[in-house]
1. Which of the residues belonging to segment 202-220 are assigned to a helix (DSSP H, G or I), touching a residue at least 24 places away in the same chain (Cβ under 8 Å) and within 18 Å of residue 140 (Cα to Cα)?
2. If we scan segment 44-54, do we find a residue that is part of a helix (DSSP H, G or I) and over 30 Å from residue 165 (Cβ atoms)?
3. So residue 22 passes all but one of these: (1) in contact (Cβ under 8 Å) with a residue 12 or more places away in the chain; (2) out of contact with any strand residue (DSSP E or B) (no Cβ under 9 Å at 6 or more places or on another chain); (3) in a helix (DSSP H, G or I). Which condition number does it fail?
4. Condition check: surrounded by fewer than 23 Cβ atoms within 10 Å (Cβ to Cβ), farther than 19 Å from residue 127 by Cβ and in contact with a helix residue (DSSP H, G or I) (Cβ under 6 Å, 6 or more places away or on another chain). Does residue 11 satisfy that?
5. Out of the residues in segment 36-65 meeting the condition of being farther than 21 Å from residue 297 by Cα and in contact (Cβ under 8 Å) with a residue 12 or more places away in the chain, tell me which one is surrounded by the fewest Cβ atoms within 10 Å (Cβ to Cβ).
6. Any residue in segment 139-163 that's at positive phi: show its pairings with residues that are surrounded by fewer than 23 Cβ atoms within 10 Å (Cβ to Cβ) and assigned to a loop (DSSP other than H, G, I, E, B) at Cβ separation under 8 Å, as long as the two are six or more apart or on different chains.
7. Which condition number does residue 68 fail, the rest of (1) within 28 Å of residue 286 (Cβ to Cβ); (2) more than 18 Å from the chain's Cα centre (by Cα); (3) in contact (Cβ under 8 Å) with a residue 12 or more places away in the chain; (4) assigned to a helix (DSSP H, G or I) being met?
8. May I ask you to list the residues in segment 306-349 that are in a loop (DSSP other than H, G, I, E, B), without any contact (Cβ under 8 Å) to a residue 24 or more places away in the chain and more than 25 Å from residue 231 (Cα to Cα)?
């Protein structure tokens, strides 16, 4: 077992270089980063792996990954949900949080490299992707989770997916500001989405079973900045025993004995965002049980049967390990990307319920 207790200034470069090398060993000549050699690719996980490369300093390889996204972007700004061997694997849907995440990756790379030319090169891609996503925003603020093959959105929304979109939209706003572009419409959309996530849980999971058994629904709103400070700490405490297993990590779902390493890394960052540094350090230290000799990390562990499952060392898991290590050690200038937000969700303004009340407000 490798135990890694990380703190500010103690980035274990030699140890984590091998993890980045695992990502590089899977990356294709065209810049694409499948889950594993011979496996599929999705735009979100491809971007997560590219962010890991940026942290270690593999800038040209990370930029090649964004180049692949530019080349494959559809005319409406989206990408298909899955690709394999350079071609769409399915064309049945385009998921909004997958499409939006490119903005997070591009901003992350810029924070590390300070290369304004990289932002300018990728601005048309980011703008087009965000415009696609915002066309799927409902009148009540949430973002529909996917556009189906017929071009129509599936009119329901996911807390985890919308939390990811919220963070990506914030990053897109920061990119636009850095390039002196107008951000007012995006600011309004961010505020509407943030208010839906914070104040209107009834807007989510309306047509399918609630996703509250998924740990990401617990901590992703913290990671996205919906809940902060004491609110975030209270949320962590309420469900800690439901989702965390000592010396192992974070469950993917509460009713299955399956620890997943990427979710554990994301929870590590959510804990840091909530000010729970001791918990974050401890949780991350457990995860190296699931590291292989080549620096890659297994996707998950089924602890009742005591087996690695699935038998996959995914590049996005490696990317999540690098992101969490960076957040714990503040190694790069992007280390606080998921720990704080530059925007604030405004309190909801309750509308007057009667004409008399409206008249009283106006007077």
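1. 203
2. We begin by selecting, within segment 44-54, every residue part of a helix (DSSP H, G or I); these are 44-54.
Then drop every residue that is not over 30 Å from residue 165 (Cβ atoms), which leaves none.
No, segment 44-54 contains no residue that is part of a helix (DSSP H, G or I) and over 30 Å from residue 165 (Cβ atoms).
3. (2)
4. Details: surrounded by fewer than 23 Cβ atoms within 10 Å (Cβ to Cβ): yes; farther than 19 Å from residue 127 by Cβ: yes; in contact with a helix residue (DSSP H, G or I) (Cβ under 6 Å, 6 or more places away or on another chain): yes.
Yes; evaluated as a whole, the condition is true for this residue.
5. Restricting attention to segment 36-65, the residues satisfying the condition of being farther than 21 Å from residue 297 by Cα are 59-60, 63-64.
From the residues that got through so far, the ones that are in contact (Cβ under 8 Å) with a residue 12 or more places away in the chain too are 59, 63-64.
Details: 59: 15, 63: 20, 64: 19.
Going through the qualifying residues, I end up with 59.
6. 141/200
7. Just one mismatch for residue 68, condition (1).
8. Let us first name the residues in segment 306-349 that are in a loop (DSSP other than H, G, I, E, B), namely 306, 309-314, 330-349.
Subsequent filtering for residues that are without any contact (Cβ under 8 Å) to a residue 24 or more places away in the chain retains 306, 310-311, 335-336, 344, 347, 349.
Within segment 306-349, 306, 310, 311 qualify.
Coordinate-derived values only; no laboratory data. Keep in mind that this is a model prediction, so the values were computed, not measured. Methodologically, a virtual Cβ is constructed for each residue, glycine included, from the backbone with ideal geometry; neighbour enumeration extends over all protein chains shown.
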